[in-house]
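Here's the structure, in structure tokens; my notes come after.
Read-outs throughout are calculated quantities, based only on the coordinates presented, and are distinct from any laboratory measurement. Everything quoted here is computed from the prediction, not taken from an experiment. Quick reminder, even Gly has a Cβ in these numbers, built from the backbone with ideal geometry, and neighbours come from all protein chains shown.
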Amino acid sequence: MKLSALQQSYTNRRSNSFRAAGGLDSSVDGSGKSPAAIFWLVLHGLCCLISLVLGFRFSRLVFFLFFSTASNGGTSGLYPSTPFLGTTADIAGSLSFQANPSPNLELPPNRTAGGISSSRVVVGRHGIRIRPWPHPNPDEVMKAHRIIERVQREQKLQFGIKNPRTVIVVTPTYVRTFQTLHLTGLMHSLMNVPYDLIWIVIEAGGTTNETASLLAKSGLRTIHIGFDRRMPNSWEDRHRLEAQMRLRALRIVREEKLDGILMFGDDSNMHSMELFDEIQKVKWIGAVSVGILAHSGNTDELSSVAHKKAEEENLPPPVQGPACNSSEKLVGWHIFNSLPYVGNGATYIDDRATVLPRKLEWSGFVLNSRLLWKAAEDRPEWVKDLDKLDGVREEIESPLSLLKDPSMVEPLGSCGRKVLLWWLRVEARTDSKFPARWIIDPPLEVTVPAKRTPWPDAPPELPSNVKEISIQEHTEKRHAKSRASRSKHSSRSKRKHESRTADPQVSSKVSEE
Amino acid sequence: MELCRWVFCVLLLIASSLRVGAEQLRRGQRTERISGSAGDVLEDNPVGRLKVFVYELPSKYNKKILQKDPRCLTHMFAAEIFMHRFLLSSPVRTLNPEEADWFYTPVYTTCDLTPNGLPLPFKSPRMMRSAIQLISSNWPYWNRTEGADHFFVVPHDFGACFHYQEEKAIERGILHLLQRATLVQTFGQRNHVCLKEGSITIPPYAPPQKMQSHLIPPDTPRSIFVYFRGLFYDVGNDPEGGYYARGARAAVWENFKDNPLFDISTEHPMTYYEDMQRAVFCLCPLGWAPWSPRLVEGVIFGCIPVIIADDIVLPFADAIPWEEIGVFVAEEDVPNLDTILTSIPPEVILRKQRLLANPSMKQAMLFPQPAQPGDAFHQILNGLARKLPHGRNIYLKPGEKILNWTAGPVGDLKPW
């Protein structure tokens, strides 16, 4: 790197070896030794001896301080005493005393060529100016951050999307233990989106206060719709229902003539901010790559062995999305390889087996909302009208059913190479309970005083859960149990135990699946 | 009445369109035109405004030296070699010396390199003298003006003082024989012995391809406030500090080493160029000499240069208004650098970035091969063209002699 070359080169250049080798260097030394030169030589020798005795480099700065003249010392700076000498000692801590190429004390001679006025800037030793409190000032840090923010905003204006369109997010949801977890994550992602947003939330089983209170916290423009059917227990049926819920949302977009870019934000997915920037580029319908994080279920011996074998065979990456040829044109689709999981897939929510994605997830597709409008003039011919899908008996698996010609899909995210969102379905057990809106009301009573721990009939295998000594931890324990606890035995017995003690308090709570 | 109404409507239309136009201009404006004290001259075309005659020196002054050490083509003093090559094939070159306005002597004085790649200036004065003796004896043009219409490229640390140490350079002064010629050099400091009146300051050579290959997408947000990589203490030559950089670099370190806004260190990261593009300010403090390639790098990467070097003269100072582009901090104000930088209003910062984004600004700092319009070669020619026409007084009367051929240190007089 040029820097290092320069610095090293200066280091080497100025070493004594070149002075000896150069020989023809500045002709000042050509003249015979003057008394002054001899004096400096003797002084130099003396300093070397002193350094030898003392063990560190005796700085001739001492002499400089004695002999500094007023005429030239004017512009050289302050000497904040302690910190400066401190640094000197730090640097000169090494035992070696270096013979300086030229006596540093030699104040610049006023010999200047010709009649040019000498520079105000003085050559020679200057002080290192350190202010009394060399630490950051918080006000200035805040000002700097505001400057940085302004610069970044300007960058976004200049290089970012010119005319951002509204983003319409369609989310099917239903009340369950993990709903808060998933929905809060999605909500925070959406709150960070720098564009206008409309959030359509379809809730299975009708709208509830639970969901509504969550949505109210977001401050986004939401359309909260209830769907009459309840979420079934099996994954197959679930997917079917979710598809219908999404279609319901599409109908709303059509009725209200919402304008913007439609994306399917499932509450269990994880979205990156780049996704929202990327989907602004869509013209009619686009596809992004979805990373599939298929949770490999419980550590069943057999399945893990099979998994490892599959890994060794170099599985293709777990990504669903568009596949392009070398000229960046869509040629096909990457689909999640579910072969290793054949036969091991989860059927019911409770299963500990792997939950598999569908062939093509809805969330990987992005639509221009004008595709859905009744009579948009510039709607391309290869799009079916939404009304035609109403009476269709067969399953609508993905937005591709909306198209007559699936090759018109635009691949986004540098042709599917960038994975901009991740799919992962983790749900609690069907029978897990949680307090409504996660508010404990009325407050829990102490069922067993702390002194009596451990509980008399607690199973011995989970001592860590039992060493609670406070009410909060007691509450947490109950929450922990109601989440997806993996060990069957303890959870069952715990539940039984808890249901005995908790029933009187649970009366006001809604027990959900 | 009808007329009044029509006039009123037309006026309204004009007003609204002007407003819209202004808004569009403001929103989409990415750059601003740059005009310095000499006017809006960055994009001038020198062809047709001057003629340059290139002396044919024996190859021992240029080609042979380059053959001995091809590293001269990539170090930061390579401008002298590339200027020669550019002039040889440029339309401003003339083969008829009678019609030439300027005369160029291609002598590579900064090509005597140590094993580490640093130029040794000890033989350079002799080399220059020998070249001048050659041209004055073989052609009449030197003697008729004693070099007043000749220009030389001397990109070394302290220009034509031909020494790397400032005290020695000041003692030597500019080579006596060059006192009437125009010097094209990288060193520039006001009221300094080694900067002659009428010299043209140029940027140090930085390899354009290398910098272009490290560009990152312009929408990458700038998240570093102040960036600097380099030495603060030159432990080899100035272990106590205070000598190197007149103590300014050491002051930067001591005052801001634990300030989270300042990303400063002595590391040599692989992502140096990329990091510069993610920074708002880049420090360009002096080292042993006041100039440094950091200025060029900062301009190319859109990072506002913070110049800490008292009285420095920056490249093409008459064509580029550096005060509007960079931030100048006096060496004695270094302890207050954070206050100074954070108190700059954001509009000023955005304006500086707009000026830096101007492509002609970036072009003016580069020496691309082959030459492109608006690059540093053309700026040098523009500078030379602005000095035309020569005054009548540069031509010596017959018999008049101004230069003393035996002036200067005795060692210089030895033949090369």
Any chance you could check the Cα centroid distance between segment B:395-411 and segment B:154-191 for me, in angstrom? 19
Would you mind checking B:LYS60/B:LYS387; A:LYS257/A:LYS283; A:LYS418/B:LYS210; B:LYS60/B:LYS196; A:LYS162/A:LYS281; A:LYS283/A:LYS404 for any pair whose Cα atoms are more than 22 angstrom apart? B:LYS60/B:LYS387; A:LYS418/B:LYS210; B:LYS60/B:LYS196
For a quick check: sort A:HIS224, A:HIS182 by the number of other beta carbons within 10 angstrom, fewest at the front. A:HIS224, A:HIS182
Exposure proxy order (Cβ contacts within 10 Å, fewest to most) of B:PHE82, B:PHE158, B:PHE256: B:PHE82, B:PHE256, B:PHE158
Suppose R0 equals 45 Å. What FRET efficiency, 1/(1 + (r/R0)^6) with r the Cβ-Cβ distance, do B:ASP318 and B:SER343 give to the nearest 0.05? 0.95
Report the relative contact order of chain B, percent, no decimals, based on alpha-carbon pairs under 8 angstrom and at least 6 residues apart. 20
Estimated distance in nm for a label pair at B:THR406 and A:VAL426, the labels positioned 7 Å out from Cα along Cα-to-Cβ: 9.3
Angle in degrees between helix B:346-357 and the longest Cα principal axis of chain B, rounded to the nearest 10: 50
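For peptide B:215-228, how many partner chain Cβ atoms fall within 10 Å of a residue's Cβ, on average?
Mean partner shielding for this stretch: 3.
Please list, by residue number, every one of the GluC sites (Glu not before Pro) in segment B:208-297 that is coil in DSSP and has at most 14 other beta-carbon atoms within 10 Å.
Those that pass, being in a loop and sparsely packed, are B:GLU267.
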Can you work out the base-10 log of I(q)/I(0) for segment B:161-246 at q = 0.13, 0.18, 0.22 1/Å, using the Debye formula on its C-alpha atoms alone? -0.73, -1.00, -1.12
By average Cβ neighbour count within 10 Å, what is the ranking of A:41-52, B:194-205 from highest down? B:194-205, A:41-52
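How big, in percent, is the set of alpha carbon pairs in segment B:208-366 lying more than 25 Å apart?
Cα-Cα pairs in segment B:208-366 separated by more than 25 Å: 27 percent.
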Report the label-to-label distance for B:LEU388 and B:GLN133 in nanometres (one decimal), using points 7 Å from each Cα along the Cα→Cβ vector. 3.3
If you fit an axis through the alpha-carbon atoms of helix B:2-28 and take the longest principal axis of the Cα set of chain B, what angle between them do you get, 0 to 90°, nearest 10? 60
Do any trypsin sites (Lys or Arg not before Pro) in segment A:417-446 lie in a loop, going by DSSP, with at most 13 other beta-carbon atoms within 10 Å of their beta carbon, and if so which? A:ARG417
Separation in nanometres of the label points that stand 7 Å from Cα toward Cβ, at B:LEU396 and B:GLU197: 2.0
Segment A:162-239-segment B:243-257 distance, computed between alpha-carbon centres (Å): 56
Two-site FRET efficiency, A:ASN163 against B:MET1, from Cβ-Cβ distance with R₀ of 35 Å, rounded to 0.05: 0.25
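Sorting B:TYR61, B:TYR395 on the 10 Å Cβ count, fewest up front, what's the list?
Result, fewest neighbours first: B:TYR395, B:TYR61.
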Under the Karplus relation with 6.51, -1.76 and 1.60 and θ = phi - 60°, whole-Hz ³J(HN,Hα) for segment B:262-275, x at Gly and Pro, equal 9, 9, 10, 6, 9, 5, 10, x, 5, 9, 4, 5, 5, 5
Could you calculate the FRET efficiency of B:PHE8 with A:LYS283 from 1/(1 + (r/R0)^6), where r is the beta carbon distance between them and R0 is 45 Å, rounded to 0.05? 0.55
Using modelled amide H (1.01 Å from N, peptide plane; none on Pro or chain starts), what sits under 5 Å from the amide H of A:LYS384, excluding residues fewer than 5 places away? A:LEU403, A:LYS404
Dividing the alpha-carbon radius of gyration of chain B by 2.2 N^0.38 Å, where N counts its residues, gives 1.11
Under 5 Å between amide hydrogens, which residues at least 5 positions from A:GLU203 or on another chain qualify, with H placed 1.01 Å from N in the peptide plane? A:THR173, A:ILE225, A:GLY226, A:PHE227
Averaged across B:333-340, how many Cβ atoms of other chains sit within 10 Å of each residue's Cβ atom? 4
Scalar couplings 3J(HN,Hα) for segment B:157-166 by Karplus 6.51 cos²θ - 1.76 cosθ + 1.60 (θ = phi - 60°), nearest whole Hz, x for Gly and Pro, are 3, 10, x, 7, 7, 6, 7, 8, 9, 5
So what are the ³J(HN,Hα) numbers for segment A:125-141, from phi and the Karplus equation (6.51, -1.76, 1.60; θ = phi - 60°), rounded to whole Hz, Gly and Pro as x? 7, 10, x, 9, 7, 10, 7, x, 10, x, 10, x, 9, x, 4, 5, 4
Skipping prolines and chain starts, which residues have an amide H placed within reach, meaning under 5 Å, of the one on B:HIS150, given they are 5 or more residues away or on another chain? B:PHE103, B:THR182
Calculate for chain B the 222 nm mean residue ellipticity that helices alone would give, adding -39,500 (n - 2.57) per DSSP H run of length 4 or more and normalising by residue count, nearest 500 deg cm²/dmol. -9000 deg cm²/dmol
Do any trypsin sites (Lys or Arg not before Pro) in segment B:225-321 lie in a DSSP loop with no more than 15 other beta carbon atoms within 10 Å, and if so, which? B:LYS257
Helix B:79-88: angle to the longest alpha-carbon principal axis of chain B, degrees 0 to 90, nearest 10? 80
